[in-house]
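What follows draws every value from the coordinates through simple rules; no lab data is involved. As the structure is a prediction and not an experimental result, all values here were calculated from the model.
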Amino acid sequence: MQTVSGLVTVVHLSTTSGGSAITVVTFAAGGAANIVNFCGDQRAQFPLNQFVEASFNPGTPCATLIATG
């Protein structure tokens, strides 16, 4: 399990070549940006311009979201 946190600056719903939904989220923290691809439509979990901490299991092509806070 991994954790990422920061100000949510971009949330984008995309799809894989197989048609599965992926939510691409950009977190800004300390002058750096972290981008994580979450499996499924997780847009409701990541409100723009809000600080969010997310726990997830990394994977390819997307990470499985466990919890946000």
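Over segment 2-68, what is the percentage of antiparallel beta bridges among all DSSP beta bridges, to the nearest 5? Write out the running numbers ahead of the final one.
On the way: 26 of 27 bridges.
In segment 2-68, approximately 95 percent of DSSP beta bridges are antiparallel ones.
Under 25 °C and 0.890 mPa s, how fast does segment 2-68 diffuse according to Stokes-Einstein, given a Kirkwood radius computed over C-alpha pairs? Answer in µm²/s, whole number.
Working: Rh = 11.7 Å.
For the chosen part, D equals 209 µm²/s.
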